[in-house]
Amino acid sequence: MVGFKATDVPPTATVKFLGAGTAACIADLITFPLDTAKVRLQIQGEKQGAVRAAASVQYRGVLGTILTMARTEGPRSLYNGLVAGLQRQMSFASVRIGLYDSVKQFYTKGSEHAGIGSRLLAGSTTGALAVAVAQPTDVVKVRFQAQARAGGGQRYQSTVDAYKTIAREEGFRGLWKGTSPNIARNAIVNCAELVTYDLIKDALLKANLMTDDLPCHFTSAFGAGFCTTIIASPVDVVKTRYMNSALGQYSSAGQCALTMLQKEGPRAFYKG
């Protein structure tokens with residue numbers, strides 16, 4: 001483009017989509033064992049009362065969970081559901097992150113100065129759209145990560161088999177099981193993560209503590225991720241359990257949350 005340097009040309013929507021999805025897949029490859037450990041911790045003690053669950057704890061802490069899985073099921077178990085996980089990241093992150101700037105500009109009517117309200121709306125909108133697109137991949141990923149708990153039996157033989165089996169046994173609605181708590185979780189995640197990221201970065205730049213480069217982005221992302229984890233954990237646990245549940249185990253996500261509270265107490269919402 002005449003008059004523009006390469007770095008001055010804004011990225012196209014396609015570049016944003018592919019960039020967001022690819023970056024999320026790379027991150028997933030690195031952090032997937034941690035996510036698998038989180039899922040195992042979240043579902044631990046699900047069918048027991050608080051006293052029995054405490055007496056028969058199989059996993060203790062993130063590192064303990066990883067070591068136990070590697071010892072009892074083999075190191076490959078830490079990557080159960082990776083294919084579905086990468087499918088999820090390509091579809092989910094592409095929409096959630098790739099559309100964020102465009103949606104934010106829509107709500108601000110093209111203004112360069114986005115207020116907190118516009119950022120909240122943009123984050124919630126892209127999160128809901130991303131869940132609607134990627135929910136089946138999330139259901140399959142979670143079920144693969146959790147399936148060894150059922151007496152060590154294989155619930156599904158492959159990713160394709162999982163999609164087919166869920167659709168056949170639970171209907172196509174089964175592939176979108178847990179969409180409501182997932183939308184709620186991702187609205188919280190987007191508001192806490194993307195918005196907090198923007199606010200932290202803006203504060204660092206305005207205070208002249210950092211320049212707009214990699215250390216600034218890393219610091220902003222670290223702070224945003226920490227805030228998001230604390231705020232979104234209860235909804236995340238309910239989402240994981242409900243998506244992984246057998247047909248008829250819970251009538252709704254609300255009933256799943258109530259059962260957790262009654263049988264395991266408030267601390268269950270921060271498992272993992």
Report summary line: Within segment 246-272, the residues that are crowded, with 18+ Cβ neighbours inside 10 Å, outside any helix (DSSP H, G or I) and touching a residue at least 24 places away in the same chain (Cβ under 8 Å) are LYS271, GLY272
Query - Filter pass, THR229 being assigned to a helix (DSSP H, G or I) and of a type in the set (Ser, Thr, Tyr) - result: yes
**Report entry** Residue within segment 175-185 that is farther than 19 Å from SER252 by Cα and of a type in the set (A, V, I, L, M, F, W, C) present
**Finding:** no
Report summary line: Checking ARG168, ARG185 in turn, the sole residue that is closer than 20 Å to ASP35 by Cβ, open to solvent by 30 Å² or more (accessible area, probe 1.4 Å) and not hydrophobic (A, V, I, L, M, F, W, C) turns out to be ARG185
Requested in this report: Would you confirm whether any residue within segment 85-93 is part of a helix (DSSP H, G or I), of a type in the set (Phe, Trp, Tyr) and either over 30 Å from ARG173 (Cα atoms) or under 13 Å from the mean Cα position of the chain (by Cα) (or both)?
Outcome: yes
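The values are calculated or read from the model by the stated rules, or taken from the named source; none is laboratory data. Quantities reported herein were computed from a predicted structural model and do not represent experimental measurements. A quick note on method: Cβ atoms are made from the backbone with ideal geometry, for glycine too, and the neighbour counts reach across all protein chains shown. Heads up: the accessible areas ignore ligands, DNA and RNA and are worked out on the full protein's heavy atoms, side chains in. Shrake-Rupley method; radii C 1.70, N 1.55, O 1.52, S 1.80 Å.
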